Every structure is written in structure tokens, then in C-alpha cells.
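One structure is given here, and the rest of the page talks about it.
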Amino acid sequence: MWSYVFKRLLHMIPLLLGVSLLTFLLMSLAPGDYFTALSQNPQISQETIIHLKTQFHLDQPWYVQYFYWFKSVLHGDFGYSMAYKIPATSLIVQRLWNTFLLSFLALIIAWGIAIPLGIWAAVKKDSWIDRACSLIAFVGLSVPDVLLSLLALWFAAATGWFPVGGAQSALYDFMSPAQQFWDRAHHLILPAIVLAASDLAGIMRRMRSCLLDTLRAEYVTAARARGLGEGWVIYKHALRNAINPLLTIFGYSLAALLSGAFIVENIMAWPGLGRLTMEAFFAKDSYLVVDCVVMATGLLVIGNFIADLLLAWSDPRIRLK
Amino acid sequence: MNEIATIQNPTAEQPLSPWQLFWRRLKQRRIAMVGGVILVVLYLVALFAGFVAPYSYDRQDRDRFFHPPTCPRLSGFRLVIPRYEQLPGTFVYRAVLNDTKPIHFFVHGDKYKLFGLVPATIHLFGTGDENHPVYLLGTDQFGRDVLSRLLYGSQISLSIGVIGILLSFTFGMIIGGISGYFSGWTDTIIMRLCELIMSIPALYLIISLRATFPPGMSSSQVYAMIIIILSFIGWASMARVIRGMTLSLREQQYVLAARALGQTHLKVIVRHILPNTFSYVIVAATLSVPYYILGEVVLSFLGVGIQEPNASWGNMLTAAQNTEYLRNYPWLLAPGAAIFVTVLAFNFLGDGLRDAADTKS
């Protein structure tokens, strides 16, 4: 098991290196930089800009910039955000945490609803419940995240039950810790539901088809022949085997979740990594864009790693490979 | 010869080709056919958008910002629409019920170019009166007809999906075929590259790619840019699957035979291996078109895709991001409904195609 974990971890390093190199190359191809706009400002002298450019190594070719960037990342320093005028590390960590919180809660909501619904639909195959579930799944798969977020925004504005965007109220700093927690949760819940809703349909359909496949297996017939109760057959025998293929789509669903979070964050003004990426993109804060892309990829790679570990843990055949 | 064959086997029907079998199975799935019909209608309407749309996409009615959708009524044998009166100082409109005008068909209106070539002024319907307009889906914050913009936008949004798929799947098939056929270090390099592209969450990669293009491009350049960006990301997953299929296909005897007959590697890949993956490719393509459409929508929505005054479903939705607009003028969400119907139709059709292509069941 440990050698498997080690091997998977080792595999991540070239991947993240490649991703950072590719993003760096792309950002270096981008026309203009943060200082192009500044140089139009007559109050800032040309010397200052040249000085600042040298400070950020922007006068060097991209591979030299990459080398400097990589060296400081190894020291845990993600550079300095030119647009925000603060160290990028603190900015990134805060936004990364917000995105993680949003995605994690959405993950729990989506899987918590999709798995029971999928089981229910499979057990009551061809009943009206099954049909209703498959209709919901089709609709859910087809509603674009953009539309869902806008509808949620409209819902929040029309009912006033939820705050319209943001992660905390204006008076957050004057609240007691309990109020602060409640305030954060209140802001988090609607974006998380939107994000979960877009993910839910696929998982539910997958759970249904996996369980239906297992219910056709011979050991299920054998269990029934031994006179076991239907509940015992489904939950103890069939379900445990049906869960395995589901763990493999856990990794795929993470990728969709992160892209979905990008949209939800930007529309519902949730200060996460996706929103930061767009802000950095518009400000031409190229190092910050690279940081964001690498961080998002890191989140995805770690998520996939956890999915693989879960799979190896639940299915001993995987570990031997 | 023909007579002998008939005598020997009098009841034999013409054996069905795989495509005919496929079509027969597809026809049995009503929901797939519904999806297909919806798509045919959508694409036809997009093709004739200038004709179907009552107005041009950038025609501004400065007297009627946020005009609500006009609801046609039946009066006698004609469809009539009431005139709407603006309450002074607001964007609230009231229908004047006894002041109606009939909807005429094939009326003269704004100039447009059919298929981008033929100049024309005939529109499918309209009132023919500037002061008594027909806005079936209302107007936006600049007084432009939402329905007309929706139709013009469909030209961009719908075509990007198909062109993007054609481009990226062609590349994906060829690269995947090469990778699986030659294996060795070619395979390793290509597959590592695919992994790299697929490991970055799609929208983050899209935005980094977007950064490499200069600002201030013309609308057709932006259109091409979006297709290039989406195809750059899309080919990787296709190439991986095709590579896997090629790995097993190249061991087949007919591939060996083709090689023995002296065909070039490229010909073997394109003529003998790739056609065997077509049934998978068609299903995957149908189910992937929505991702390309949504890619355009997100880019334009975020303001880095199709630019005003050109219409696309994405940049039309940008207005709906304003909660004040959203609450009072919900018809601005119409492009969202259009996206939903399109994606649903593609999913219906794709699901049916997958079942029809699955000969095992």
C-alpha cells in the first residue's frame, strides 16, 4: 500500500511541473503586461517602470522568469501580486480555502443526495420514482451552470432569504464568533447548492446503472436463493460491489466540480480561486494567473489521488498493480 | 445471375448494412428522435436567422428600453398585438388593449444578408410600423429586440459547437491513431501531453489560453479564437480513447494485410483503422457538442468572448448578472432557456445514438 502511495505521489511532480511550465509559456505569449497600462500614466516615470520590471524579472525571457518563479515557489513563496500589492501567497491561500470550502460542501450535498436517489431508482426500477429520477437527471445534465447560478441569484434577490453574492456581510468584523460562523455559512449555502445541483445528475445515473448491473450478478441470485431478506441482499451484497466503479468517477466529477466552481464563483461573487483568476487576468497580473492555474490543478490532482487511494482501499485488486 | 439468386432464396430480403441497422434502432427511440427534430429546427432557424428575426440584432429602439414581451392575441382570424404605453419616468409598460395592430407575414424591415451573402429586407413577420413594434421576448437595456438577438446569437453559439467538434475530433482521431499505431516514444510523448492538458481544470486552461490573444480583435477573429481555444482542449480526451482502440485494432489481420499490400502507415491509419472507431466517435461527438456551446457561453458571458454589439447567447446573459435587471426584467434570461433546450436536445439524441450503437444489448 505504501509503495503505491509513494508511486502516485512521485507521479504528481512532473505533472505539476509541466502544468506550471505550460501556463508560464502561455502567459509569456500574452501581449503586454501589468506595466503596459502603468506606462500610459504620466505620473509614473519611465525609470520607475523599468526599475519595477527588473524587480519582477519581466525584462528577462520567459524561461528565466520561470526559473525565478520556480525557485521562490520551492521556498513556499508564490511571488508578489502586482495588482493587489500584497504577497501572492496569502492571497492564494485565502482564495484556495474558499474554493475548497465551496467545492467540498457541494461534493457532500451532491453525493449525499445522488447516492440514495440512485439506489432508490435502481431498486424501484421502471416505477414512477425511477422515471422521475431519470427525468430530473436529464434536466440536471442539461441546465448550464451559468443559468443555474443566475436563477439562484434571482431567487436570492427576490426572496431575500439568502445574501446576493459575496462571502461575508459588511459588518462581519463586528460580529461575535458564533455570528461570524453563521454569517459565513449563510453566504456559502446557496452557491454550494447550485454547484451540487450541476454535479448531482451524473452521479445519480451512474449509481443507478452500477447497482442494476450488480443486481444481475449470480451471487445476488445466490443470496436470494439462500432466503436472505431483500434489504440484506441489496445493502450488504449488491451495494458494496456497486460502489467501486463509482469511486472511479469521483475523480472525473472533481474536474467538473472545479470548472463549475469557476462559473459559480464569478457569477455569485464568491471570492474563490476562479474569481481571482479572472481578476488577475483582467489586471494582466501574469504571475498570479499562473499561481491560480497551478493551484487549481494541484487541487484536482490531490482530489484524484484521494479517489485512487479510496479505490485501492476498497478494492484490494488495485493495490497489487 | 440475378434470377438464379432469386430462385435459390426467394424470401431473402436485401441484407441491411450496419448503418441501416443503426438507423432502424435509432428510430425506435422516440426521445432521441425528438432531440434530433428539435436540433434540425434550431439549426434551420439559425441558418435563416436574418429572415426569421423581426429586427436586426443591433437595432436600438430608444423609446422602449426594457419593453416587456408583447403577447399576441387572436382577434377574428388574425393575430394582433396591443401597443404598450410607458408610464412616465419608469420602465414600466402597460398594454393599451384597444389599440392593436395585426401581425403581417413577409413584411419589409431592417436590411440583412441571408447566409451572409444575399442582401434582403423581407422578414417572416412584423407589424411594419416603427411606432407599434412586436417584441415577442421583450427588449434589453439598450432597447434591442431580445428575440432577434437570440436568433442572431444562435448562429454563433450553435455553429461554434459543430465546428469545434469537427476540428478537435479530427485532430484527436489522427493524433490518437498515430499514437496507438506507432506506440513507443511517439506514444509516450503524445499521451503525456494529453494528460497534461486534461489535468488542468478546463476553465482555468481556457482563460490562460485566452490571455495569449491580443485585445481588440474583430468579431470574426474572436469567433475563430474561441474555436481554436476550445479545440485545443478538446482533442486530448478524444486522442486518448482513439489511441486505446487503435492499440487493439492494429493487431487485426486486415491491418497486417493492408501493410503487406504495401500501403503507407498514414493510409493504414486513416483508411483502415479510424473508420472502425466511427460509431464511438459519432456518439462521443454528439454528447460533447454541449461542452463547446457552453464554452462559448462562458467566455462571452465573462466578457472575453464575442463582444457587443454582436449577439451571442453568452454575452446576452451578461445583462442578467445585474440583480436589479434580473428581478424586474426576467425575460433577459431567455438565452439561458435557449441554451438549456439545445443542450437537452443534444443529450437526448446522444443518449439514443449510444443505445443504438451498442449492438450487445
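The values are calculated or read from the model by the stated rules, or taken from the named source; none is laboratory data. Just so it is clear, the model here is predicted, and its values are computed rather than measured. In this analysis, Cβ positions are derived from the backbone assuming ideal geometry, glycine residues included, and neighbour counts consider all displayed protein chains.
So the values come out like this:
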{"read-out": "Among (1) assigned to a helix (DSSP H, G or I); (2) over 16 Å from the mean Cα position of the chain (by Cα) - the single one B:Ala345 does not satisfy", "value": "(2)"}
{"read-out": "Hits in the stretch B:23-50 (condition: more than 30 Å from B:Asp110 (Cα to Cα) and surrounded by 17 or more Cβ atoms within 10 Å (Cβ to Cβ))", "value": "B:Arg25, B:Leu26, B:Arg29, B:Ala32, B:Gly35, B:Gly36"}
{"read-out": "Residue match in the stretch A:111-128 (condition: out of contact with any helix residue (DSSP H, G or I) (no Cβ under 7 Å at 6 or more places or on another chain), surrounded by 13 or more Cβ atoms within 10 Å (Cβ to Cβ) and either more than 14 Å from chain B (Cβ to nearest Cβ) or within 30 Å of B:Tyr292 (Cβ to Cβ) (or both))", "value": "no"}
{"read-out": "Some residue of the stretch A:257-276 being in contact with a His (Cβ under 6 Å, 6 or more places away or on another chain) and touching a residue at least 12 places away in the same chain (Cβ under 8 Å)", "value": "no"}
{"read-out": "Failed item in (1) surrounded by fewer than 18 Cβ atoms within 10 Å (Cβ to Cβ); (2) under 24 Å from the mean Cα position of the chain (by Cα); (3) within 14 Å of chain B (Cβ to nearest Cβ); (4) touching a residue at least 24 places away in the same chain (Cβ under 8 Å), with A:Pro245 passing the rest", "value": "(3)"}
{"read-out": "Some residue of the stretch B:321-331 being facing chain A (nearest Cβ under 9 Å), in contact with a Leu (Cβ under 7 Å, 6 or more places away or on another chain) and modelled with pLDDT of 85 or more", "value": "no"}
{"read-out": "Subset of the stretch A:158-195 [surrounded by 17 or more Cβ atoms within 10 Å (Cβ to Cβ), in a helix (DSSP H, G or I) and of a type in the set (Gly, Ala, Ser)]", "value": "A:Ala192"}
{"read-out": "Subset of the stretch A:1-27 (residues that are surrounded by 11 or more Cβ atoms within 10 Å (Cβ to Cβ) and either at pLDDT below 80 or touching a Pro at 6+ places or on another chain (Cβ under 8 Å) (or both))", "value": "A:Tyr4"}
{"read-out": "All positions within the stretch A:131-159 that are free of Cβ contacts under 8 Å to residues at least 40 places away in the same chain and not hydroxyl-bearing (Ser, Thr, Tyr)", "value": "A:Arg131, A:Ala132, A:Leu135, A:Pro144, A:Leu147, A:Leu151, A:Trp154, A:Phe155, A:Ala156, A:Ala157, A:Ala158"}
{"read-out": "Residue under evaluation A:Asp126, criteria (1) within 28 Å of B:Ala338 (Cα to Cα); (2) in a loop (DSSP other than H, G, I, E, B), criterion not met", "value": "(1)"}
{"read-out": "Test: residue in the stretch A:226-242 that is aromatic (Phe, Trp, Tyr), in a helix (DSSP H, G or I) and within 30 Å of B:Ala211 (Cβ to Cβ)", "value": "no"}
{"read-out": "Which numbered condition A:Ala256 fails, given (1) over 25 Å from A:Ser81 (Cα atoms); (2) away from every other protein chain (no Cβ under 14 Å)", "value": "(2)"}
{"read-out": "Any hit, the stretch A:290-302, residues being in contact (Cβ under 8 Å) with a residue 60 or more places away in the chain, assigned to a loop (DSSP other than H, G, I, E, B) and farther than 19 Å from A:Leu101 by Cβ", "value": "no"}
{"read-out": "When residues of the stretch B:299-320 are limited to those that are away from every other protein chain (no Cβ under 11 Å), over 17 Å from the mean Cα position of the chain (by Cα) and under 13 Å from B:Asp140 (Cβ atoms), the one modelled with the lowest pLDDT", "value": "B:Glu308"}
{"read-out": "Residue list for the stretch A:263-321, restricted to those being at positive phi and either of a type outside the set (Lys, Arg) or out of contact with any helix residue (DSSP H, G or I) (no Cβ under 8 Å at 6 or more places or on another chain) (or both)", "value": "A:Ala269"}
{"read-out": "Which listed residue, of A:Thr221, A:Thr214, is without any contact (Cβ under 8 Å) to a residue 12 or more places away in the chain and either of a type in the set (A, V, I, L, M) or away from every other protein chain (no Cβ under 14 Å) (or both)", "value": "A:Thr221"}
{"read-out": "Odd one out for A:Ala83, checked against (1) within 13 Å of chain B (Cβ to nearest Cβ); (2) in contact (Cβ under 8 Å) with a residue 60 or more places away in the chain", "value": "(1)"}
{"read-out": "Selected residue (criterion: farthest from the other protein chains (Cβ to nearest Cβ)) from residues of the stretch A:129-156 that are more than 25 Å from the chain's Cα centre (by Cα) and under 23 Å from A:Tyr235 (Cβ atoms)", "value": "A:Ile129"}
{"read-out": "Residue list for the stretch B:259-281, filter: in contact (Cβ under 8 Å) with a residue 12 or more places away in the chain, surrounded by fewer than 17 Cβ atoms within 10 Å (Cβ to Cβ) and within 27 Å of B:Leu158 (Cα to Cα)", "value": "B:Tyr280"}
{"read-out": "Given (1) within 14 Å of another protein chain (Cβ to nearest Cβ); (2) more than 25 Å from the chain's Cα centre (by Cα); (3) of a type in the set (D, E, K, R), number of the condition B:Arg210 does not satisfy", "value": "(2)"}
{"read-out": "The stretch B:113-158 - residue that is out of contact with any Pro (no Cβ under 7 Å at 6 or more places or on another chain), of a type in the set (D, E, K, R) and touching a residue at least 24 places away in the same chain (Cβ under 8 Å) and, of those, surrounded by the fewest Cβ atoms within 10 Å (Cβ to Cβ)", "value": "B:Asp129"}
{"read-out": "Restricting the stretch A:259-273 to residues that are under 14 Å from B:Ile206 (Cα atoms) and modelled with pLDDT of 90 or more, the residue that is farthest from the other protein chains (Cβ to nearest Cβ)", "value": "A:Ile263"}
